[in-house]
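Here's the structure we're looking at; comments come further down.
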Amino acid sequence: MKVATLAAVVVGALWAAPAGLSSDSPRAEARDNVKGFEYQVREIKGKARRRMTGVSWRPGCPVHIDSLRLIRTTFWDFDGKRETGSIVVHEDESGEIVRVFRSLYRHKFKIRRMQLIDRYNGSDHASMNADNTSGFNCRYIAGTSNWSQHAYGRAIDVNPVENPYVTPSGHVSPPAGEPYANRSRHDKGMVHRGDHAYRAFAQEDWKWGGDWSGTKDYQHFSRNGN
């Protein structure tokens, strides 16, 4: 979506350092009394740094790896079970994204899985096909030489199968998302304008690709709307 070892999991209220919070505050998750919500925000070092380098991040990317943060957070999976996932975002957005996931957790919005895109060798298509919710990935906008907002750590794709990319000509990506191009459906994990997921991002001034004219990117939220 960001520690000496990525596998380390803190039991109870996880320490975090989003905007306005100190990294040694064990009460951070309880600020608005969301029972069971836990998170970490950490610099990318050690195993996580080695894993990302040359895969989702490399020299020449528009942001340095030191400006990114690894967020580990609880979420509700499609079976209604409490899970822990990881996502990398820009350090400036880490506090906002913690608040987004706190809101998603509070409203029991379902997420299929949330793993670093490095598990998919940095492949956006492989990650989408796996219905993986992801953040940072140093890549271009498809078919262009322009950096995607994912390359800045300022975009997140949510449940790509249930929220596919749909062009006016009818192309749907990922292919498994074709049934969900019908936005009259209200299956779990889908995002609709005005729903809890939409509002969680909108409250942080993140824009939704489902509001684009023409091509719709229903999975896509970004800081500047692109």
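The values are calculated or read from the model by the stated rules, or taken from the named source; none is laboratory data. For clarity, every value in this text was computed on a predicted model and none was experimentally measured. Positions of Cβ are backbone-derived with ideal geometry, glycine not excepted, and every protein chain shown enters the neighbour counts.
Could you check how many residues of the range 59-87 are part of a strand (DSSP E or B) and either aliphatic (A, V, I, L, M) or in contact with a helix residue (DSSP H, G or I) (Cβ under 7 Å, 6 or more places away or on another chain) (or both)?
Of the residues in the range 59-87, the ones part of a strand (DSSP E or B) are 68-76, 82-87.
Those left that are additionally either aliphatic (A, V, I, L, M) or in contact with a helix residue (DSSP H, G or I) (Cβ under 7 Å, 6 or more places away or on another chain) (or both): 68-71, 73-76, 87.
Residues in the range 59-87 being part of a strand (DSSP E or B) and either aliphatic (A, V, I, L, M) or in contact with a helix residue (DSSP H, G or I) (Cβ under 7 Å, 6 or more places away or on another chain) (or both): 9 in total.
Taking residues in the range 148-176 that are of a type in the set (A, V, I, L, M), and partners anywhere that are surrounded by fewer than 19 Cβ atoms within 10 Å (Cβ to Cβ) and part of a strand (DSSP E or B), the pairs with Cβ atoms closer than 8 Å and at least 6 places apart or on different chains are ALA151/TYR140; VAL166/VAL172.
Scanning the range 132-158 for residues that are buried (at least 21 other Cβ atoms within 10 Å of the Cβ) and either within 16 Å of GLY85 (Cβ to Cβ) or of a type in the set (A, V, I, L, M) (or both) yields ASN132, THR133, SER134, GLY135, PHE136, ASN137, ALA155, ILE156, ASP157, VAL158.
For residues that are among the small types (Gly, Ala, Ser) and in a loop (DSSP other than H, G, I, E, B), scanning just the range 159-182, find the one that is surrounded by the fewest Cβ atoms within 10 Å (Cβ to Cβ). Step through it out loud before you land on a result.
Within the range 159-182, the subset among the small types (Gly, Ala, Ser) is 169-170, 173, 176-177, 181.
Filter once more, keeping what is in a loop (DSSP other than H, G, I, E, B): 169-170.
Values: SER169: 6, GLY170: 8.
Across the range 159-182, the extreme among qualifying residues is SER169.
Candidates are the residues of the range 19-46 that are surrounded by 14 or more Cβ atoms within 10 Å (Cβ to Cβ), within 18 Å of SER86 (Cβ to Cβ) and modelled with pLDDT under 95; the one that is nearest to the chain's Cα centre (by Cα) is GLU29.
Residues checked against (1) under 12 Å from the mean Cα position of the chain (by Cα); (2) surrounded by fewer than 16 Cβ atoms within 10 Å (Cβ to Cβ); (3) aromatic (Phe, Trp, Tyr):
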| residue | (1), (2), (3) |
| --- | --- |
| ILE71 | yes, no, no |
| PHE78 | no, no, yes |
| THR84 | no, yes, no |
| VAL88 | yes, no, no |
| GLU96 | yes, no, no |
| PHE101 | yes, no, yes |
| PHE109 | no, no, yes |
